Amino acid sequence: MKGTLYIVATPIGNLEDITFRAIKILKEADIIAAEDTRHTLQLLNHFEISKPLISYYKQIEEEKSDTLLDKIEAGKNIALVSDAGTPGISDPGAVIIKKAIERNINIVPVPGACAAINALICSGMSTDEFCFLGFLPVNTTEKRKKLEENEYETKTLIFYEAPHKLIKTLETMLEVLGDRNIVLCKELTKIHENFERGKISDILKEIEEPKGEYVIIVQGADRSRQEKEAEERKNLTLEEHYLYYEKQGLEKKEIIKQIAKERGVSKNVIYQYFMK
Ligand code: SAM
């Protein structure tokens, strides 16, 4: 019988943030696949778990996933862990999970800590809808491009960032997204846990030498690209407004309806204007 692939979340700082079930699965698994075996060994030693470890990191995900899945097909149960938090979230995991699905292998999540979610819930920003963007590209042009793509995203934005890139990233956010409210969530679950709330410009003034791990929560745009463009069309003359929609291929009736809607007047008013 085939074994199972367990995706096991581990703490993001405080070692007490591991579930009873995670410990049980790690104790019962035949093999633990870990992003950094030395790092995971410390965790396992803490919980007195002794298991064969196989390294599974980003650069070897493709080839190593096949080897691990062969073992599962031969009946072994494998628990996949990353250095911290939930595997697959800005961490290795996606490749083996995709291949396991293709090979009809049972995948079981063992939930636990995730920095993004814990930063979001304590940020005070809207949790109704959010957009996780992980790490921004290091290259400045690509970083700007990624932010520009999300400039009009009205959902709360979540980013991961390394301390030595934090200031540059905040400066680029200020340029591209404007002076939004953000929450800088530092060292979650650790001794120096801290939430810095304010405008990007204020936080940039206060921050000295960033140290530790950070999640950046950014307030979503106050209006979508469509809303902004509709707002701008109000400055057009009615003729220009008409022409704009005519160029989009809309019929007269539909154009009048759109203009009336965007200007907050009745269709009849617009209709009468053009009749004159
Ligand atoms: N898989 C992990 C998770 O579930 O959160 C994320 C791994 S990613 C390689 C590491 C990044 O997550 C860090 O650079 C930081 O942005 C964020 N992070 C991880 N632990 C954190 C913590 N305790 N406090 C704040 N951010 C953390």
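We did not get these values from a lab; they are worked out from the coordinates using the rules stated. Bear in mind that the values here come from a model prediction, so they are computed numbers and not experimental data. Quick reminder, even Gly has a Cβ in these numbers, built from the backbone with ideal geometry, and neighbours come from all protein chains shown.
Do you know the relative contact order of the chain, to the nearest whole percent, from alpha carbon pairs under 8 angstrom that are 6+ apart?
Details: 453 pairs, mean separation 47.3, N = 276.
Taking the mean separation of contacting Cα pairs over the length of the chain, I get 17 percent.
With N set to the number of residues, divide the alpha-carbon radius of gyration of the range 41-81 by 2.2 N^0.38 Å and report two decimals. Spell out each step's value before the answer.
Working: Rg = 11.7 Å, N = 41, 2.2 N^0.38 = 9.0 Å.
Ratio of Rg to 2.2 N^0.38 Å for the range 41-81: 1.30.
Extension gain GLU251-GLU175, at 0.36 nm per residue separation less the Cα-Cα distance, in nm? Mind showing how you got there, number by number?
On the way: separation 76, 0.36 × 76 = 27.36 nm, distance 3.99 nm.
Full extension from GLU251 to GLU175 adds 23.4 nm.
Between ASN139 and MET275, take the C-beta separation as r, use R0 = 41 Å, and let me know the FRET efficiency to the nearest 0.05.
Values: r = 56 Å, r/R0 = 1.36.
About 0.15, to the nearest 0.05.
Mind listing which chymotrypsin sites (Phe, Trp or Tyr not before Pro) in the range 16-112 are in a DSSP loop and have 13 or fewer other Cβ atoms within 10 Å?
Of the chymotrypsin sites (Phe, Trp or Tyr not before Pro), the ones in loops of the range 16-112 whose Cβ has at most 13 other Cβ atoms within 10 Å are PHE47.
How much length would be gained if the chain were fully extended between LYS199 and GLU149, taking 0.36 nm per residue of separation minus their Cα-Cα distance, in nm to one decimal?
Values: separation 50, 0.36 × 50 = 18.00 nm, distance 2.09 nm.
Taking 0.36 nm per residue and subtracting the Cα distance, the gain is 15.9 nm.
Each residue of the range 83-92 in order: what ³J(HN,Hα) in whole Hz does its phi give by Karplus 6.51 cos²θ - 1.76 cosθ + 1.60, θ = phi - 60°, with x for Gly and Pro?
Calculated HN-Hα couplings, in order: 5, 7, x, 8, x, x, 9, 6, 8, x Hz.
Using amide H atoms built 1.01 Å from N in the peptide plane, name the residues 5+ places from ASN181, or on other chains, whose amide H lies under 5 Å from its own.
Under 5 Å from the amide H of ASN181: GLN219.
Students often get this wrong, so check it: of LYS146/LYS186; LYS146/LYS247; LYS143/LYS186; LYS71/LYS99; LYS145/LYS205, which have C-alpha atoms separated by over 19 Å? Please report the intermediate quantities before stating the final value.
On the way: LYS146/LYS186 23 Å; LYS146/LYS247 30 Å; LYS143/LYS186 21 Å; LYS71/LYS99 13 Å; LYS145/LYS205 25 Å.
Violating the 19 Å limit, Cα to Cα: LYS146/LYS186; LYS146/LYS247; LYS143/LYS186; LYS145/LYS205.
Over the Cα atoms of the range 1-134, what radius of gyration and what Dmax do you get, in Å?
15.0, 48
HN-Hα J couplings of the range 198-203 from phi, Karplus 6.51/-1.76/1.60, θ = phi - 60°, integer Hz, Gly and Pro as x?
x, 6, 4, 4, 5, 5
Test of understanding: express the Cα radius of gyration of the chain as a ratio to 2.2 N^0.38 Å, with N the residue count.
1.36
Taking GluC sites (Glu not before Pro) as candidate sites, keep only those in a DSSP loop with at most 11 other Cβ atoms within 10 Å, then name the longest stretch of the chain containing none of them. Show your work: numbers first, answer last.
Working: sites that count: GLU16, GLU48, GLU129, GLU208, GLU251.
Excluding the exposed sites themselves, the longest stretch runs over 49-128.
If the elastic network links every pair of Cα atoms under 10 Å, which of GLY178, GLY112, GLY249 fluctuates the most in the Gaussian network model of the chain?
It is GLY249.
Any chance you could give the angle, 0 to 90 degrees and rounded to 10, that helix 238-247 forms with the longest Cα principal axis of the chain?
So the inclination is approximately 50 degrees.
For helix 252-263, what angle does its Cα long axis make with the longest principal axis of the chain, in degrees from 0 to 90 and rounded to 10?
The helix 252-263 is inclined about 80 degrees to the chain.
Check ALA84: other-chain or 5+ apart residues with amide H under 5 Å from its amide H, H built from backbone geometry?
none
For the pair ILE167 and ARG103, what calculated FRET efficiency results from E = 1/(1 + (r/R0)^6), where r is the Cβ-Cβ distance and R0 = 30 Å, to the nearest 0.05? Numbers along the way, then the final one.
Working: r = 45 Å, r/R0 = 1.49.
Given R0 = 30 Å and the Cβ-Cβ separation, E is 0.10.
How many nm is it between the label spots at ARG38 and VAL265, if each spot is 7 Å from the Cα in line with the beta carbon?
Here the modelled spin labels are 7.3 nm apart.
Give or take rounding to whole Å, what are the principal axis extents of the alpha carbon atoms in the range 225-275, in descending order?
31, 22, 16 Å, listed from the longest principal axis down.
Calculate how steeply helix 166-177 sits against the longest principal axis of the alpha-carbon atoms of the chain, using the helix alpha-carbon long axis, and give the answer as 0 to 90 degrees to the nearest 10.
The angle comes out at about 20 degrees.
Using amide H atoms built 1.01 Å from N in the peptide plane, name the residues 5+ places from TYR6, or on other chains, whose amide H lies under 5 Å from its own.
Those qualifying (amide H under 5 Å, at least 5 residues apart or on another chain) are ILE78, ALA79, LEU80, VAL108.
Scaled to the compact-protein estimate 2.2 N^0.38 Å, what is the alpha-carbon radius of gyration of the range 75-142, rounded to two decimal places? Before the final figure, lay out the partial values.
Values: Rg = 15.4 Å, N = 68, 2.2 N^0.38 = 10.9 Å.
It is 1.41.
Mind pulling the per residue volume of the convex hull built on the Cα atoms of the range 116-218? Å³ is fine.
Working: hull volume 8.8 nm³, N = 103.
Taking the convex hull of the Cα positions in the range 116-218, it is 85 Å³ per residue.
Using 0.36 nm per residue, how much length does the chain from ILE207 to LEU238 gain when fully extended, once their Cα-Cα distance is taken away?
Values: separation 31, 0.36 × 31 = 11.16 nm, distance 4.92 nm.
Contour length minus Cα-Cα distance gives 6.2 nm.
Which one, ILE158, ILE12, ILE23, has the greatest fluctuation when you compute a Gaussian network model over the chain with C-alpha springs under 10 angstrom?
ILE23
Evaluate the distance, in nm, between pseudo-label points positioned 7 Å from the Cα of HIS192 and of GLU48 along their respective Cα→Cβ axes.
My value for the distance between the label points is 3.3 nm.
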